[in-house]
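Inspection log for the structure reproduced underneath, given as structure tokens.
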Amino acid sequence: MSSRQQPPAKRTDVGTGTGSTRALAAFDTTESCSECGGSSFQRGDAGEWFCRDCGIVHSKPGVELTEPGWRSLPERRTGPAASIDRVSVGTSVGHTTGRQPSWAKYNGRLDHNQRTLRHGLKEVRALATALEVSQTVTEQAAYLFRRAASEDLLRGQSLEAVAAGCLHAAARDAGTPFPLAQVADRSMVEKSAVTSAFHKVVRELELPIAPPQPAEFVPRIASEVEMSIATRERARDILAQLVEDGTHVGQSPAGVAAAALYGASREQGDTVTQSELADAAYASVVTLSRQWQTVKEYVSPDEQDE
């Protein structure tokens, strides 16, 4: 034993309060000081024992070790941070009394409403990924779905249709709308079911969603056919004149936007066909041709003829 090595202190368990509380026992004063060989010891105010002759401390203060404030098992939560587009019930780690690990019994911790909500929010996230919408739109759609579930709007509707309707409503509210045909194409339900769910969500939740403007479809359609910036800007100018004159009223916004892009592409020299624009706008060629008859009055006279 080195000259500065201290003899071990004895520990005793003190069962006071909740949790385990332990304190160091008193130092054995019958032994001599390992530093100077003295036999006179004194205990300090903090509970430590030290040699009166040389001052070396022979035992640490009485330390009380307490456990953190534990929550009851149903209130415990682990896993990622809570998110509005996910059911936040956490996960449990370890094994239960049976053979199956407790994390494998995650579904058993959800009641019927939570399982329904989990499935619906999963559809919202999957459709948002397929449509490549922003996280803001995804979270807004999840919020609308939660409201629809809490107000019992899921009755009589498929979860997939309500999820698609909520995402369509959120995208329109954000100024980045999709044609309903495109939403239905990326969803698991028919367009009629998505339309019905969308109108029900808007009506019952009293959402102040205005009809989409043709210019809001320009970025998405133009990106699909890879049009130039100049063509997009010219299409916006054409649509601004259309909206000012009110000639877009009663027409398909996506179809009008596609027709404006077609006219702008003819002026700017971009090569694109009506069929390509119709596919990007989820409209028929007949619809685009009909819209073109109105839009061509706003383009250069040299580009009005087919």
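Things to note:
- Packing order of peptides 156-163, 228-235, highest average first: 156-163, 228-235 (average count of other Cβ atoms within 10 Å over each peptide's residues).
- In terms of the mean number of neighbouring beta-carbon atoms within 10 Å, the peptides 236-243, 37-44 order highest first as 236-243, 37-44.
- Under-5 Å amide H pairs with residue 41, H placed in peptide plane, nonlocal only: 52
- Enclosed volume per residue, in Å³, of the convex hull spanned by Cα atoms of region 104-258: 122
- Projected over every direction and averaged, the convex hull enclosing the alpha-carbon atoms of region 171-240 yields 5.5 nm².
- Gap separating the Cα centres of region 147-167 and region 230-279, nearest whole Å: 34
- The trypsin sites (Lys or Arg not before Pro) of region 153-188 that meet both conditions, a loop assignment by DSSP and at most 14 other Cβ atoms within 10 Å of the site Cβ, are 155.
- Rg and Dmax of region 214-303, Cα atoms only, in Å: 11.1, 30
- Computed over region 112-204: relative contact order in percent, which uses C-alpha pairs under 8 Å that are six or more apart: 30
Read the figures in this text as sums done on the coordinates, not as results from a lab. Computed from a predicted structure; not experimentally measured. Neighbour counts run over all protein chains shown; Cβ positions are idealised from the backbone, glycine included.
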